[in-house]
Structure formats: structure tokens, C-alpha cells
Amino acid sequence: MTGDTIGRRADVRASTESRSRAARLALGFGSLLAVAAAATIAFGSPPLVSQYVPLALSVVVLGLPHGAVDHLVLPRVRGDPVTPRSLAFVGVLYLLLGSAYALVWFLAPVAAFVLFILVTLLHWGQGDVYALLAFVGADHLETRASRLLALLVRGGLPMLVPLVAFPGQYAFVAETLVGVFDPGAATALEPLFEPTVRAAVTIGFGSLIALSLLLGSRRTSPGERWPWLVDAAETLGLVGYFATVPPILAIGLYFCFWHSLRHVLRTMLVDPVASAALERGAIRTAVYRFARDAAPLTLAALAVLVGIWVSVPRTPATVADIIAVYLVGIAVLTLPHVVVVTLLDREDGIWSP
């Protein structure tokens, strides 16, 4: 199955033109990351407090809302009506998985943080695999193994490159997240930031990147290299981005304008109204449609954040603490969101090439 044939049911409503517009939006906003890297190289890292701005904005701009239509995407991709049963399925999923994971943060924050990194790696990787197939037409990802390798590479870039390039800031973020639950527990994470571990990550993950690009190149015929070139340029560009831009700023921008934006565009393509708006170039209409659909559960997600805020053992007292609580909330919401996206991937045949 190639990029042109994913979304067996969704493609009935998502025309070639709407997918093409979505691809241009995804690639266009992705260039903001290159601008951020260039600015960092030219002017140096901005003050720490200002690095939190993209993460703070993600509460309402793309980040938190991008998963707030999970109750709609599965019926839409199947061509089914939204029913009380379909709504109840997503509601119970979020209640059970989110509550269980929140409990892990309170009982074992170090384990919860490690799980957060692993789940985010998986989720951001699966998002990029979809984008490569749907927006780029990456026929070099023709097998399940090649897509799994791409998932590990793309998901690993934001999670592992900052560990190698900025171990001090990475450790600071880990200590802050764990510290709002147990200030002394973060010492258990210190071995992760040792030079030997970082060297092993550099060699191991660097080998995965090289293997992914090499195998992709070998599967591409000379006259059809454009999708692979885009994949390679994005991969190497993201390596440079995360190796250059401080992690807090880098993740905030990536979360909003790379991962979340691409998922929002995916949800628009399975919505016949938003997809039709994209097809005729009515971007504002498509955005309004998404914002309207996402508003109720975005407000519910904010209630979850407030609940975590009032429950943490140590009252957040700094900007770093406040963002840490927000990231814990994002973690709690991400786990059930990954299940929904995995089901969406199955409907789109992502893992059945």
C-alpha cells in the first residue's frame, strides 16, 4: 500500500486537491523549525523564560486541541455516524487509561516519566509515518518493517537528539517533572545523562538513522526519488534542529507546528466538511470547523490539568513547575490518544502495506 492509497474510506471524501493543500500546509509550517534553528545559530539561545512560550501557547494553539476530536475521527474515517456508543468508547478509554497513568505519576514518578518519553516517541513517530505516506507519497516505505524503522527514527529525533546535545537541560526538565511529585526521586534518572549512555545513544540511534535512509534510497528508483529526498531532508533537518535549538523551545515549536499541525490536518481530511473546504482553498472554514469540534474536549482537557494542578504534592511555584504540571497533563491525555490514533492507523491501513 502506497501513500496514494492510504485511508481507504477517508479518501472517498478527501480529494487529491485537499490532500495536496494539507501537504503544502504541513511542509510550509515545518519550515518554521528551520527558521528557529537559523535564529539560534545567528543570535544564540533566547532566555530560558521565553523558551517556554511555545509550550504555553500550545494550551490553545494546536497542541492541546489536536487530540480533542478523538471522539469524532474514528466514526468519520469509517464513514459512520457519531453515536452515543462511539462517544462512550472514547470517553471510557480516556477515563480508564488517563486515570491509571495519572496514578502512576503519583506513585512512581520516575517510571511515569520514562513511560512518557517512550509513549511520546511512539506517538510522534506514528504521526510522521502517516505524514510521509499521505503528504509525501513515500513509496520507499513499502513494507511494515520500513515503516516501523521510520517510526523509531522520526519519534526518536525529538526524544533522543536533545539527550545527546543538551543533557543538562534534558535533566532539568526530567527533574522538574518528577520533582513536583517527589523532589528526591529524580536522582534515579542521573545515569541516563552520563557520557557513556549518551555515546551509546549517539552510536545506536545514529546507526538507525543511517540504516533508514540507506534502505529507503535503495528502494527508490532514479526517476521517483522526490519522496525519499523529502524524507531524508526532513530527517537530517530535524537532527540539526534538535541538536541546535534548546530542548524546551525546540519541543514547544515541534509540538505545535509539526506534530500537532499534521495531526489536525489528518483529522480535517476525514471530515467531509473540512476536507471540502480544503479542496476549494477555504482554509479559514476548515480551521473554524476543527476549532468548533475541538472546543468542548479542549475545555475538558483544561479541567484535567486543573485537577492535576490541585493534586500534586508540591504546589507549582515557578514557570518551570507550571509547565511541568502541564506536561504531566499532556502525558496523561497522550496515552489514550495514542490508542485512538493506532485505531485510526489501522483503518487507514498504515501497518498493512
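The values are calculated or read from the model by the stated rules, or taken from the named source; none is laboratory data. Fair warning: this is a prediction, and the values are worked out from it, not measured in the lab. Ideal geometry is used to build each Cβ from the backbone, glycine not excepted, and the neighbour counts take in all protein chains shown. Remember, those area values only see protein heavy atoms, side chains included, never the ligands or the DNA or RNA. Shrake-Rupley method; radii C 1.70, N 1.55, O 1.52, S 1.80 Å.
Can you find even one residue in the range 85-100 that is in contact (Cβ under 8 Å) with a residue 24 or more places away in the chain, aromatic (Phe, Trp, Tyr), buried (at least 21 other Cβ atoms within 10 Å of the Cβ) and closer than 19 Å to residue 175 by Cβ? No, that holds for no residue. Number of residues in the range 59-80 that are open to solvent by 10 Å² or more (accessible area, probe 1.4 Å), of a type in the set (A, V, I, L, M, F, W, C), in a loop (DSSP other than H, G, I, E, B) and at negative phi equals 3. The listed residues are 344, 278, 238, 253, and the only one of them that is part of a helix (DSSP H, G or I) and either open to solvent by 20 Å² or more (accessible area, probe 1.4 Å) or not aliphatic (A, V, I, L, M) (or both) turns out to be 253. I'd like the full set of residues that are over 24 Å from residue 262 (Cα atoms), of a type outside the set (A, V, I, L, M) and surrounded by 11 or more Cβ atoms within 10 Å (Cβ to Cβ), limited to the range 41-54. Those that are over 24 Å from residue 262 (Cα atoms), of a type outside the set (A, V, I, L, M) and surrounded by 11 or more Cβ atoms within 10 Å (Cβ to Cβ): 45, 46, 50.
For the range 307-324, the set of residues classified as exposed (fewer than 12 other Cβ atoms within 10 Å of the Cβ) and in a helix (DSSP H, G or I) consists of 310 only.
The residues listed here are 265, 335; of these, the one that is in a helix (DSSP H, G or I), in contact with a helix residue (DSSP H, G or I) (Cβ under 8 Å, 6 or more places away or on another chain), open to solvent by 20 Å² or more (accessible area, probe 1.4 Å) and closer than 27 Å to residue 122 by Cβ is 335. In contact with a Pro (Cβ under 6 Å, 6 or more places away or on another chain) and among the aliphatic types (A, V, I, L, M) - does that describe any residue in the range 267-279? No, the range 267-279 contains no residue that is in contact with a Pro (Cβ under 6 Å, 6 or more places away or on another chain) and among the aliphatic types (A, V, I, L, M). Does the range 287-305 contain any residue that is touching an Asp or Glu at 6+ places or on another chain (Cβ under 7 Å), closer than 26 Å to residue 88 by Cα and part of a helix (DSSP H, G or I)? Yes, the conditions are met somewhere in the range 287-305.
Kindly evaluate residue 296 against the criterion of being open to solvent by less than 10 Å² (accessible area, probe 1.4 Å) and modelled with pLDDT of 90 or more. Here the answer is no, as residue 296 does not meet what is asked.
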